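The values are calculated or read from the model by the stated rules, or taken from the named source; none is laboratory data. Since this is a predicted model, take the numbers as computed values, not measurements. Methodologically, a virtual Cβ is constructed for each residue, glycine included, from the backbone with ideal geometry; neighbour enumeration extends over all protein chains shown. We work out accessible area using only protein heavy atoms, side chains counted, and drop any ligands, DNA or RNA first. Shrake-Rupley method; radii C 1.70, N 1.55, O 1.52, S 1.80 Å.
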Amino acid sequence: PRVRRGDARQYVKLVEKTYNAINEVNSTATVIVGALGDDLPDWPWLRQAIEFGLLKHSDGLSVHLYNHSAKESRAGAPELIQRLYTLDAILK
């Protein structure tokens, strides 16, 4: 399994401070956080970040999905589309 780097709670704390600072300077700014991508299976890091308040301190998520160098069983558009469906369900 892939070793995760970065703590979701600490990231959300950083996002909150950054979001507040940006909004103090420009209250109409759109703040995009991320970039999310290889959070497999089933977006566990993102789920934690949401629990810690990520969506309260952002206006959108940057998502970068790649699987072109994955094993054949995972490569291709159908797998990427399934990841997006899962992400959509989490965000709803």
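Which value at 222 nm does the chain reach when only helices count, each DSSP H run of 4 or more adding -39,500 (n - 2.57), with the total divided by all residues and rounded to the nearest 500 deg cm²/dmol?
-14500 deg cm²/dmol, from helical runs alone.
Run down the aspartates and glutamates and flag those whose C-alpha is under 17 Å from the C-alpha of K92, throwing out any fewer than 8 positions away in its chain.
D42, E51, D59
So how much slack lies between L14 and L55, counting 0.36 nm per residue of separation and subtracting their Cα-Cα distance, in nm?
13.5 nm
With r defined as the distance between the Cβ atoms of A89 and V25 and R0 fixed at 35 Å, what FRET efficiency is calculated, to the nearest 0.05?
0.50
Let me know the volume per residue of the alpha-carbon convex hull for the chain, in Å³.
Taking the convex hull of the Cα positions in the chain, it is 107 Å³ per residue.
How much net charge surrounds V31 when only other residues with a Cβ under 14 Å from its Cβ are counted (Lys, Arg +1; Asp, Glu -1)?
-1
Quick one: net charge around T86, please, counting Lys, Arg +1 and Asp, Glu -1 for every other residue with C-beta under 12 Å from its C-beta.
-1
List every residue whose amide H lies under 5 Å from the amide H of G34, counting only residues 5 or more places away in sequence or on a different chain, with H placed 1.01 Å from N in the peptide plane.
Under 5 Å from the amide H of G34: S62.
In terms of solvent-accessible area of protein heavy atoms at a 1.4 angstrom probe, what is the ranking of T86, T30, highest value first?
T30, T86
Which whole DSSP H helices in the chain pass both tests: a Cα extent of 24 Å or more along the axis and a mean Kyte-Doolittle value no lower than -1.0?
What comes out of the filter, once short or polar helices are dropped, is 8-25.
Relative contact order for the range 1-69: what percent, with Cα pairs under 8 Å and sequence separation of 6 or more?
Relative contact order, the range 1-69: 43 percent.
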